[in-house]
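*Asks:* Structure below; questions to follow.
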Amino acid sequence: MSRPLRLLIVGSSDQDVRILLHALEQAGFLPLVERPANLHALRHTLQENWWDVIIADAESAQLGAEQALRLATEFGLDTPLLAISQQGDSGKAEYLMRLGARDFFVANQLTRMGQVIERELREIAFRQKLRECMGLLNRTSDACVVTDLECQITYWNHSAAELYGWNAEEVAGRNFIQLLHHEGDGRPHEASQEAFRTGEWSGELNQLTKHGLRVLTISRWTLLRDARQKPRNILVVNSDITRQKQLEAQFLRSQRMESLGTLASGIAHDLNNVLAPILMSIQFLRDTVADDASRTMLATLETSAQRGADIIKQVLTFARGMEGDRIALQPKYLLKEMAKIIQETFPKTITVKTEYTNDLWSVMGDATQLHQVLMNLCVNARDAMTGGGQLTLTAENVTLDESFANMIHDAKPGPYLVLCVADTGPGIAPVILDKIFDPFFTTKALGKGTGLGLATALGIVKSHGGFLQVKSEVGRGAQFRVYLPATFSQGTSYAPSEVTTVPRGSGQLILVVEDELSVREVTRRTLENNGYRVITAGDGTEALALFVQNAREVNAVLTDMVMPFMDGAATIRALRKINAKVPIIAASGMMSHRQEAEATGANVQAFLSKPFTAEQLLKCLNQAFNEPEPTGA
């Protein structure tokens with residue numbers, strides 16, 4: 001049975017058409033033919049009708065293959081065009097193939113015409129199916145990429161653009177493996193080879209975004225074949241599991257600390273039994289000896305044993321869950337007492353500063369244990385500032401919303417009292433940051449530290465229902481924030497149902513500049529869920545480009561102060577040169593007073609201390625819109 005073929009013939013003679021149709025009928029086709037009489041008719045039929053194949057005269061100067069190819073390109077058609085020539089001019093053939101012709105024939109040599117049309121029809125069907133699949137892929141939340149057999153990118157969906165930062169135009173034709181992976185990473189090459197060999201591969205891959213951020217993905221590679229089952233493309237589907245892995249790591253670390261706590265409790269118990277008789281016996285021996293040498297040896301023995309007992313006490317405090325009497329405490333008195341101890345005992349090269357308001361919420365806690373938390377953090381800060389510096393103790397009321405709580409392991413929404421200890425020391429290296437709360441881990445010299453200070457502090461805070469955060473950059477000091485659930489005794493009240501309605505946006509466009517992907521995405525979702533439109537940038541240079549592109553639409557800018565390539569202060573100054581009146585809000589989790597003053601000098605409407613809640617963000621944004629415009633740059 002013959003197969004219908006919608007055929008557009010352009011510029012050939014009646015005799016050539018009869019020969020062509022006979023060849024097609026012999027190949028099993030039933031041609032349904034249209035022959036436009038002039039260029040106007042050709043333009044009309046290409047715009048209005050759909051064709052399986054176009055066959056055109058290669059030599060006609062007025063109405064032939066060249067005119068058909070140019071019109072098809074103009075209308076964005078991918079209908080295959082086959083050129084026929086009387087002479088078989090190779091130069092003409094090469095010229096038409098460059099314009100987009102799929103094949104070239106000599107008029108009396110049409111035996112392979114049917115095979116070529118079959119091939120082109122299969123190609124069209126494959127491309128159509130691929131377009132349909134791509135339409136579906138654009139609706140998924142996974143990053144989907146299609147490459148050719150050389151790993152050159154041919155398709156890049158919306159989720160890939162959101163995850164990696166490049167849009168489809170930026171990555172078209174680029175090598176997928178080189179774009180997203182380190183040069184020395186062999187895993188993606190193994191994935192490609194396995195997909196070619198077996199048809200598929202899946203596993204975890206470490207990848208890089210446009211702004212150099214690392215993301216961990218579950219990657220699935222599938223080899224796509226055409227209608228003849230020949231390999232054509234590779235489909236890669238990547239699911240971002242970065243946050244999931246971070247939470248798993250936090251959970252595993254919590255389990256590891258619980259195991260270490262159980263072990264430490266048993267060891268400490270036995271050691272206490274060993275040291276107790278030693279300490280009790282020293283006083284007895286001191287009464288029985290008279291010479292100075294023996295008394296000196298006993299004093300040394302007592303000091304060493306007492307130091308061992310103090311270490312064990314710290315271990316037991318860490319291991320037993322920090323039991324103690326809980327009463328309503330006012331944190332400002334803890335800060336005052338700690339500041340007094342620091343001023344009296346720390347080196348004079350270290351200055352101490354306290355900051356708090358008089359309306360601080362109370363906490364239910366053990367005063368001795370919370371004092372120990374602050375002391376451990378302050379001693380660590382002192383030891384870090386060997387050449388002197390500033391130690392800042394602050395306290396503030398914070399209400400955590402659902403968005404913030406979901407980003408922190410062990411955090412729950414609600415009111416908290418936050419105690420902060422910040423120093424101006426050398427900071428903590430990233431490779432060490434994940435280990436500082438592990439029991440017995442220390443970077444101090446032998447005999448200078450036990451490695452239990454931070455582990456004990458964390459244990460006490462968790463036993464009080466709170467959590468502890470650390471922020472540090474090498475060369476920028478360290479900041480430890482202790483979150484403790486607030487209580488509202490002694491006249492302090494808290495009624496969530498009576499909280500003032502959070503101000504919503506009304507379609508204003510906000511430019512969010514933030515290098516940390518998770519913070520950027522949570523901020524974007526928060527603003528969009530509250531009536532704002534959002535565009536995001538990963539650094540200052542990208543922010544300036546976006547601001548210039550959307551200068552008439554951007555209603556406000558929220559920018560981090562510490563970013564790679566161009567920091568927040570430089571970004572603010574550059575934005576002010578473009579638009580001196582746009583409201584700007586600065587934010588940072590490592591904001592020193594010098595930086596804050598610099599930001600204020602750059603005419604920002606407000607400053608947000610990270611991490612901030614959705615309520616704080618929305619109120620700050622609303623306030624920025626209602627404040628007077630800045631008067632200078």
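*Asks:* Ignoring any ligand, DNA or RNA, what whole percent of the accessible area of segment 24-64 comes from carbon and sulfur when the probe is 1.4 angstrom?
*Replies:* In segment 24-64, the share of accessible area belonging to carbon and sulfur is 48 percent.
*Asks:* Scan segment 29-116 for trypsin sites (Lys or Arg not before Pro) in coil per DSSP, keeping those whose Cβ has at most 14 other Cβ atoms within 10 Å, and list them by number.
*Replies:* Here the sparse-neighbourhood loop sites are Arg112.
*Asks:* In whole angstrom, note down how far apart the Cα centers of segment 41-100 and segment 221-242 are.
*Replies:* Centre-to-centre (Cα) distance: 33 Å.
*Asks:* Another one. Could you order peptides 364-373, 427-436 by the average number of other Cβ atoms within 10 Å of their residues, highest first?
*Replies:* 364-373, 427-436
*Asks:* Follow-up. Determine ³J(HN,Hα), in whole Hz, for all residues of segment 107-118 in sequence, where each value follows from phi through the Karplus function 6.51 cos²θ - 1.76 cosθ + 1.60 and θ = phi - 60°; x replaces Gly and Pro.
*Replies:* 4, 9, 9, 10, 5, 9, 4, x, 5, 5, 5, 4
*Asks:* State in Å² the accessible area per residue of segment 66-170; use a 1.4 Å probe, count heavy atoms of protein chains only, and round to the nearest integer.
*Replies:* 52 Å²
*Asks:* Which ³J(HN,Hα) values in Hz, rounded to whole numbers, follow from the phi angles of segment 90-97 under the Karplus curve 6.51 cos²θ - 1.76 cosθ + 1.60, where θ = phi - 60° and Gly and Pro get x?
*Replies:* So the J values, rounded to whole Hz, are 5, x, 5, 4, 5, 4, 5, 5.
*Asks:* Normalising by the residue count of segment 334-435, find the relative contact order in percent from Cα pairs under 8 Å and 6+ residues apart.
*Replies:* The value is 30 percent.
*Asks:* Moving on to the next point. Sort 581-588, 114-121, 12-19 by packing, meaning the average of other beta carbons within 10 Å per residue, with the highest value first.
*Replies:* With the highest mean Cβ count within 10 Å placed first, the list reads 581-588, 114-121, 12-19.
*Asks:* For segment 527-576, what is the Kirkwood estimate of the hydrodynamic radius, computed as the reciprocal of the mean inverse distance between distinct Cα atoms, to one decimal in Å?
*Replies:* 11.4 Å
*Asks:* Can you give me the long-range amide H partners of Thr487? Hydrogens built in the peptide plane at 1.01 Å from N, cutoff under 5 Å, separation of 5 or more residues or another chain.
*Replies:* Ser362, Val363, Met364
*Asks:* Of the heavy-atom accessible surface of segment 522-580 (probe 1.4 angstrom), what whole percent is carbon and sulfur?
*Replies:* Roughly 49 percent of what the probe reaches on segment 522-580 is carbon or sulfur.
*Asks:* Using the Karplus curve 6.51 cos²θ - 1.76 cosθ + 1.60 with θ = phi - 60°, what ³J(HN,Hα) values do you get for each residue of segment 244-249, in whole Hz, with x for Gly and Pro?
*Replies:* Per-residue couplings from phi come out as 4, 5, 5, 5, 4, 5 Hz.
*Asks:* Follow-up. In segment 84-132, carbon and sulfur make up what percent of the accessible area (probe 1.4 Å)?
*Replies:* 49 percent
*Asks:* Could you do me a favour and compute the accessible area per residue for segment 326-399, 1.4 Å probe, result in Å²?
*Replies:* 47 Å²
The values are calculated or read from the model by the stated rules, or taken from the named source; none is laboratory data. Computed from a prediction, not measured in an experiment: that's the story for all the values here. Here Cβ is always computed from backbone atoms with ideal geometry, including for glycine, and neighbour counts include all displayed protein chains. Side chains are part of the model used for accessible areas, which takes the heavy atoms of the whole protein and leaves out ligands, DNA and RNA. Shrake-Rupley method; radii C 1.70, N 1.55, O 1.52, S 1.80 Å.
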